[in-house]
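A.B. asks: Below is one structure. I have some questions about it.
Here, each number is a calculation from the coordinates, and none is a lab measurement. Bear in mind the structure is a predicted one, so any value in this text is a computation, not a measurement. Here the Cβ positions follow ideal geometry from the backbone for every residue, glycine too, while neighbour counts run over all protein chains shown.
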Amino acid sequence: MKKILIVTANYYPEISKQLETHAVKTLSNFDCKKISSPGVFEIPVLISKNIDHFDGFVALGCVIKGQTPHFDFISSSVNNGLMQLAIQNKKPIGNGVLTCLNKEQAIARVKKGIEAAEAVIKVIENVAK
């Protein structure tokens, strides 16, 4: 059975819990482990530390734009870090990190946890062929 690690940033717990619930349901046929991250910026590090122990990963969390460029730096860094890890290690990482302008947008997109989990499943299945 393929092992999947779900890494969830809990900076916005009301959003991240819903993202995680959707991902876990989608991955019900896999051996899943969940770990928490304080924020999205730390997700690539946690995946990197666990890269040899799992067949795929799901990154979940939320960044909401404020009034400084911090949003842009965090969003870009996380996306680039996840892609770099996936390519270098040839392992799927479903990106369920929401980048939204406000909390309402984030709440409306919590089903992204499903999409991120489905992406991992599809890549694993494609590799198995």
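A.B. asks: Which one of these is more than 21 Å from GLU118 (Cβ to Cβ) and either touching a Pro at 6+ places or on another chain (Cβ under 7 Å) or among the hydrophobic types (A, V, I, L, M, F, W, C) (or both): ILE15, ILE4, ILE43, ILE64? Full working, then the answer.
C.D. replies: Numbers: ILE15 fails: more than 21 Å from GLU118 (Cβ to Cβ); ILE4 fails: more than 21 Å from GLU118 (Cβ to Cβ); ILE43 fails: more than 21 Å from GLU118 (Cβ to Cβ).
None of the other options fit; the residue is ILE64.
A.B. asks: Can I ask one more? Does any residue in the stretch 112-126 that is without any contact (Cβ under 8 Å) to a residue 12 or more places away in the chain come within less than 6 Å, Cβ to Cβ, of a residue that is buried (at least 17 other Cβ atoms within 10 Å of the Cβ) six or more places away or on a different chain, and which pairs are these?
C.D. replies: none
A.B. asks: Same structure, new question: For the stretch 26-118, which strands (runs of 3 or more DSSP E) that fit wholly inside it have 2 or more residues that are of a type in the set (Asp, Glu)? Give the derivation first.
C.D. replies: Numbers: elements: 31-37, 56-64, 93-100.
In the stretch 26-118, there are no strands (runs of 3 or more DSSP E) which contain 2 or more residues that are of a type in the set (Asp, Glu).
A.B. asks: Can you tell me which residues in the stretch 51-65 are closer than 20 Å to LEU19 by Cβ and either loosely packed, with under 13 Cβ neighbours inside 10 Å or more than 13 Å from the chain's Cα centre (by Cα) (or both)? Talk me through it step by step, then tell me what you get.
C.D. replies: Restricting attention to the stretch 51-65, the residues satisfying the condition of being closer than 20 Å to LEU19 by Cβ are 54, 56-65.
Matches in the stretch 51-65: PHE54, ILE64, LYS65.
A.B. asks: Shifting gears a bit: Sort out which residues of the stretch 1-21 are part of a helix (DSSP H, G or I), under 12 Å from the mean Cα position of the chain (by Cα) and of a type outside the set (D, E, K, R), and write them in order of number.
C.D. replies: If the condition is that a residue be part of a helix (DSSP H, G or I), under 12 Å from the mean Cα position of the chain (by Cα) and of a type outside the set (D, E, K, R), then SER16, LEU19 are the ones that fit.
A.B. asks: Could you please find all residues in the stretch 87-108 being among the aliphatic types (A, V, I, L, M) and closer than 24 Å to ASP55 by Cβ? Let's see the steps before the verdict.
C.D. replies: First, the residues of the stretch 87-108 that are among the aliphatic types (A, V, I, L, M): 87, 93, 97-98, 101, 106-108.
Result: ILE87, ILE93, VAL97.
A.B. asks: Just name the residue that is nearest to the chain's Cα centre (by Cα) out of those in the stretch 67-96 that are crowded, with 16+ Cβ neighbours inside 10 Å and of a type in the set (S, T, N, Q).
C.D. replies: Of all residues in the stretch 67-96, those crowded, with 16+ Cβ neighbours inside 10 Å come to 71, 74-75, 78-79, 81-82, 85-86, 91-96.
Filter once more, so that each one left must be of a type in the set (S, T, N, Q): 75, 79, 95.
Numbers: SER75: 12, ASN79: 10, ASN95: 4 Å.
Per the stated criteria, the residue is ASN95.
A.B. asks: Would you mind telling me which numbered condition in (1) surrounded by fewer than 12 Cβ atoms within 10 Å (Cβ to Cβ); (2) within 16 Å of the chain's Cα centre (by Cα); (3) farther than 23 Å from CYS100 by Cα SER48 fails?
C.D. replies: Result: SER48 fails condition (1) only.
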